């Protein structure tokens with residue numbers, strides 16, 4: 001079955017409010033095995049509502065409509081539906097009685113704008129007349145149409161508890177089995193990832209999508225088939241082929257992030273980490289400590305921005321900085337070793353570089369960054385030359401530092 005989602009509200013089309021209800025509905029329907037033909041966002045204009053509804057009825061098997069069910073003058077969904085489908089609005093007596101009881105308890109007389117909530121298009125079935133949350137179902141030309149409130153929390157509740165079960169009962173036949181996984185990739189560009197995936201002999205039923213999410217590439221693997229066992233088998237085989245082909249550039253799936261992956265590796269190996277940052281100004285430390293429970297493995301950090309602090313706090317030989325400069329392989333290595341010793345951690349990591357927009361030279365242009373790790377008396381240092389704004393260079397520096405930590409720990413895991 002395929003459906004359409006229509007979100008109604010001037011607050012959505014003006015950009016004042018973000019339309020989250022359509023995304024929520026689409027995800028729930030997709031996971032349940034339905035296809036979404038289209039999603040549209042329109043203003044509180046009866047003509048627009050009529051056009052959208054009549055167009056959708058001709059093309060899809062079911063429709064989800066959100067918004068415009070309130071009691072104010074700009075809530076026009078019911079009136080527009082009544083006109084478009086030639087279904088006059090009539091009062092739902094149960095809802096009307098409840099509203100009048102509520103008004104009487106507050107000392108108000110009948111005739112309040114709240115009574116508008118009780119007037120529904122002919123044939124409409126209220127989901128729960130006893131509830132304060134508006135919502136109803138209408139069957140028109142053998143097409144179920146679900147009308148939900150625009151308030152996200154109310155809409156989500158009805159979508160989960162009422163719409164999906166009713167839709168499942170309506171579509172009694174087999175639905176598509178959906179299998180999807182998102183691989184998070186860092187260290188390989190989108191075109192290069194695409195070339196590798198194209199070289200694989202993946203089943204034709206597998207749908208691949210690429211989503212650059214700076215500084216990562218997200219790779220979506222999807223299959224939707226009626227044969228559930230075949231769908232799962234093809235999906236698992238394809239995911240394994242992709243993992244083998246891309247290898248270590250895949251750092252996680254779904255909601256994983258680098259800082260969490262690094263944290264898990266540190267916990268598993270019972271190692272501690274300390275950081276010395278210069279050009280990133282504590283950005284890596286902030287990401288590390290964003291993870292709950294990071295105190296189990298993160299001992300601390302220092303933002304040693306000036307040469308003087310590098311010398312006094314990290315005990316770096318001033319002659320080393322004088323000879324090689326603050327942005328150098330030697331200084332990065334000394335920073336990592338210094339913070340490890342100072343904090344008595346298992347691993348010391350350090351970043352020093354030129355984030356710009358000033359401070360570069362022919363020998364060390366803006367974007368030159370050194371990242372170092374020190375562990376068990378040994379150091380490793382990577383030099384990078386990033387481009388772009390100061391923020392972009394800092395973000396890439398932090399991300400590469402975390403990825404360097406991930407690869408180091410992964411290679412030493414087990």
Packing-ranked peptide list from 307-315, 88-96, highest mean Cβ count within 10 angstrom first, is 307-315, 88-96
Cα atoms only: what Rg and Dmax, in Å, come out for the range 281-348?
12.9, 41
Based on the Cα gyration tensor of the range 177-253, what are the three equivalent ellipsoid semi-axes, each the root of five times an eigenvalue, rounded to whole Å and given largest first?
22, 12, 10
Please give the length that would be gained between residue 243 and residue 132 if that part of the chain were fully extended, namely 0.36 nm times their separation in residues minus their C-alpha to C-alpha distance (nm, one decimal).
35.0 nm
Work out, step by step, the length gained on full extension between residue 37 and residue 198: first 0.36 nm times the residue separation, then minus their alpha carbon distance; give nm to one decimal.
55.2 nm
Hypothetical label at residue 211: residues of the range 26-51 whose amide nitrogen lies under 14 Å (7 Å Cα-Cβ projection):
26-28, 30-31
Sort 365-375, 57-67 by the packing proxy (mean of other Cβ within 10 Å over each peptide's residues), most packed first.
365-375, 57-67
Here the FRET efficiency for residue 286 versus residue 253, based on Cβ atoms and R0 = 22 Å and rounded to 0.05, is 0.40
How long are the three semi-axes of the equivalent ellipsoid for the range 326-414, computed from the Cα gyration tensor as the root of 5 times each eigenvalue, in whole Å, largest first?
24, 14, 10
How high is the relative contact order of the chain, given as a whole-number percent (alpha carbon pairs under 8 Å, six or more residues apart)?
10
Please give, to one decimal in nm, the separation of the simple spin-label points placed at residue 410 and residue 264, each 7 Å out from Cα toward the Cβ.
1.2
Given the range 258-411, what percent of its DSSP beta bridges are antiparallel, to the nearest 5?
60
Tell me the mean residue ellipticity at 222 nm calculated for the chain from its helices only (DSSP H runs of n ≥ 4, each -39500 (n - 2.57), averaged over every residue, nearest 500).
-12000 deg cm²/dmol
Treating every alpha carbon of the range 213-286 as one equal point scatterer without solvent, the Debye formula yields log10 I(q)/I(0) values at q = 0.13, 0.15, 0.18 Å⁻¹ of -0.61, -0.75, -0.93
Give me the three principal axis extents of the range 2-170 from the C-alpha atoms, as integers in angstrom, largest value leading.
48, 36, 31
Work out the FRET efficiency for residue 26 and residue 319 from their Cβ-Cβ distance, taking R0 = 51 Å, and round it to the nearest 0.05.
0.25
Report the extension gain between residue 125 and residue 236 in nm, rounded to one decimal, defined as 0.36 nm multiplied by the number of residues separating them, less their alpha carbon distance.
35.7 nm
At 7 Å along Cα-to-Cβ for each site, give me the label-to-label distance between residue 103 and residue 54 in nm.
3.3
Placing one equal point scatterer on each C-alpha of the chain and summing with Debye, one gets log10 I(q)/I(0) at q = 0.14 Å⁻¹ equal to -1.11
Distance (nanometres) between label positions extended 7 Å along Cα→Cβ at residue 228 and residue 382:
4.3
How large is the direction-averaged shadow of the alpha-carbon convex hull of the range 258-411, in nm²?
8.2
Rounded to the nearest Å, the spacing of the alpha-carbon centers of the range 185-262 and the range 272-349 is 35
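Read the figures in this text as sums done on the coordinates, not as results from a lab. These numbers come from a predicted model, not from an experiment. Ideal geometry is used to build each Cβ from the backbone, glycine not excepted, and the neighbour counts take in all protein chains shown.
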